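Read-outs: derived from the displayed coordinates by stated rules, not from any lab. Note that the coordinates shown come from a computational prediction; the quantities given were computed from them, not determined experimentally. Cβ coordinates were reconstructed from backbone atoms using ideal geometry, including for glycine residues, and neighbour counts include every protein chain displayed.
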Amino acid sequence: MKKTYYNPDDLKKFSSITEWNESLGEKFFEYYTSVFKEGHLSAREKSLIALAVSHVVHCPYCIDAYTKDGLEKGIEKEEMMEAVHVGAAIKSGAVLVHGVQMMNRHDQLSM
């Protein structure tokens, strides 16, 4: 078996985070459950958003969970990849827009 830093079996243990602080753990899961209920956005749309964000924040557990969730919700692989590209575009744009800060600082320091 290939060893990785992240143990895929840990995702199955996610609910155990309440063991060391039941009150905060329960509050988190109550909030988390509420966020993913149907609302102005469908559960399908929320799953795609979660998948894109999972990639942006580099969470392999979330990528596994929301790939599976997306498949269960009928999301096609092309839609998943498009969502990942949206996340990548936002992340790269966020990096690049900070270039303006660098440019401003450069101009201040070079005067």
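Tell me the mean residue ellipticity at 222 nm calculated for the chain from its helices only (DSSP H runs of n ≥ 4, each -39500 (n - 2.57), averaged over every residue, nearest 500).
Mean residue ellipticity, 222 nm, calculated: -23000 deg cm²/dmol.
Sorted by average packing, counted as other Cβ atoms within 10 angstrom per residue and highest first, what order do 45-55, 91-101 take? Mind dumping the intermediate values first?
On the way: 45-55: 19.8, 91-101: 10.0.
In decreasing order of mean packing, 45-55, 91-101 become 45-55, 91-101.
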